[in-house]
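Structure first, then comments.
The values are calculated or read from the model by the stated rules, or taken from the named source; none is laboratory data. Keep in mind that what you see is a predicted model, and the values were worked out from it rather than measured. Cβ: placed from backbone, ideal geometry, glycine included. Neighbour counts: every protein chain shown.
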Amino acid sequence: MSRRIGLLGGTFDPIHIGHLRAALEVAEQFALDELRLIPSARPPHRGTPQVSAQQRLDMVRLAVEGVAPLCVDDRELHRERPSWTIDTLESLRLELGAEVRLFLLLGWDAFCGLPSWHRWQELLAHCHILVLQRPDADSEAPEALRNLLAARSVNDPRALSGPAGQIAFVWQMPLAVSATQLRERLAAGHSIRFLVPDAVLHYIHAHGLYRADSVTQE
Ligand code: ATP
């Protein structure tokens with residue numbers, strides 16, 4: 001049987017339990033052989049993150065250590081240009097071949113922003129898309145995505161077939177935590193214990209990240 005690989009890209013600034021639970025639940029639900037977290041080096045749709053790409057990658061590594069099938073893919077840190085998902089998918093296909101089933105995980109907010117992504121209409125040529133329902137999600141998809149949804153979405157995620165090409169919605173245990181909230185809490189001097197793995201918390205404190213007095217490090 002073809003291998004099944006999940007992909008969760010993100011800024012991970014910092015990684016938190018919302019990302020990790022989503023990744024683990026999808027890995028279990030879809031019996032994935034691997035679920036790769038892919039930190040973005042230069043996120044195209046937002047300002048420069050407060051901490052360096054290397055530090056965000058370090059935190060993702062610490063978070064998934066010993067948590068198979070979650071793992072880290074650092075290819076976006078080795079590219080000079082913005083971290084476009086289409087480039088990542090093309091390079092994964094070259095490496096893994098045409099048969100592997102790729103599942104790109106997108107939170108609802110990320111999915112709604114898809115029409116602004118570089119070459120977004122080509123994404124489904126390389127992967128299936130799993131849209132993770134987030135507790136704060138609006139229920140209406142943007143106009144630009146309606147035709148795509150009508151043509152490509154399946155009602156039952158178990159009906160996804162082949163290596164790529166379809167969209168399914170995945171319901172998960174809702175965890176309304178965002179990295180923005182965590183950065184705000186840290187800047188205000190509040191605890192984020194239990195919202196990130198302890199190893200990530202220690203890293204943040206050891207490197208003085210996200211404090212109101214810390215300077216941009218990139
Ligand atoms: P920020 O608050 O800085 O925008 P974020 O917490 O949304 O960050 P990202 O790194 O931007 O985190 O997210 C990476 C991916 O994980 C996106 O597809 C996003 O929708 C999804 N995601 C983020 N938080 C959650 C959550 N709590 N539950 C499910 N998916 C999430």
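Restricting attention to the range 14-42, which residues are in a strand (DSSP E or B), closer than 14 Å to LEU132 by Cβ and near the ligand (Cβ under 10 Å from one of its atoms)?
Scanning the range 14-42 gives a single hit, LEU37.
Specify the residue that is nearest to the ligand (Cβ to nearest atom); the eligible residues are those in the range 194-210 that are in a loop (DSSP other than H, G, I, E, B) and either free of Cβ contacts under 8 Å to residues at least 60 places away in the same chain or exposed (fewer than 14 other Cβ atoms within 10 Å of the Cβ) (or both).
PHE194
Hey, ALA168 hits all of (1) touching a helix residue (DSSP H, G or I) at 6+ places or on another chain (Cβ under 9 Å); (2) on the phi < 0 side of the Ramachandran plot; (3) small (Gly, Ala, Ser); (4) more than 16 Å from the ligand (Cβ to nearest atom) but one; which does it fall short on?
Among (1) touching a helix residue (DSSP H, G or I) at 6+ places or on another chain (Cβ under 9 Å); (2) on the phi < 0 side of the Ramachandran plot; (3) small (Gly, Ala, Ser); (4) more than 16 Å from the ligand (Cβ to nearest atom), the lone unmet condition for ALA168 is (4).
Exactly one condition in (1) surrounded by 13 or more Cβ atoms within 10 Å (Cβ to Cβ); (2) at pLDDT 95 or above; (3) out of contact with any Leu (no Cβ under 9 Å at 6 or more places or on another chain) is not met by ARG42; state its number.
It is condition (2) that ARG42 fails.
With (1) more than 14 Å from the ligand (Cβ to nearest atom); (2) of a type in the set (Val, Ile, Thr); (3) at pLDDT below 95 as the list, and VAL177 as the residue in question, which single condition is left unmet?
Of everything listed in (1) more than 14 Å from the ligand (Cβ to nearest atom); (2) of a type in the set (Val, Ile, Thr); (3) at pLDDT below 95, VAL177 misses just condition (1).
Identify the residue in the range 1-13 that is more than 12 Å from the chain's Cα centre (by Cα) and in a loop (DSSP other than H, G, I, E, B) and, among all such residues, is farthest from the ligand (Cβ to nearest atom).
For the range 1-13, the residue satisfying everything is MET1.
Go through the range 71-92 and give me each residue that's of a type outside the set (Asp, Glu) and not in a helix (DSSP H, G or I).
Those that are of a type outside the set (Asp, Glu) and not in a helix (DSSP H, G or I): CYS71, VAL72, ARG79, ARG81, PRO82, SER83, TRP84.
Tell me, please, whether a residue that is in contact (Cβ under 8 Å) with a residue 24 or more places away in the chain, crowded, with 21+ Cβ neighbours inside 10 Å and among the charged types (D, E, K, R) can be found in the range 92-100.
No; the residues of the range 92-100 include none that is in contact (Cβ under 8 Å) with a residue 24 or more places away in the chain, crowded, with 21+ Cβ neighbours inside 10 Å and among the charged types (D, E, K, R).
For (1) surrounded by 12 or more Cβ atoms within 10 Å (Cβ to Cβ); (2) within 18 Å of the chain's Cα centre (by Cα), each residue gets a yes or a no:
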| position | (1), (2) |
| --- | --- |
| PRO115 | yes, yes |
| HIS118 | yes, yes |
| GLN121 | no, no |
| HIS126 | yes, yes |
| LEU132 | yes, yes |
| ARG152 | yes, no |
| PHE169 | yes, yes |
| LEU186 | yes, no |
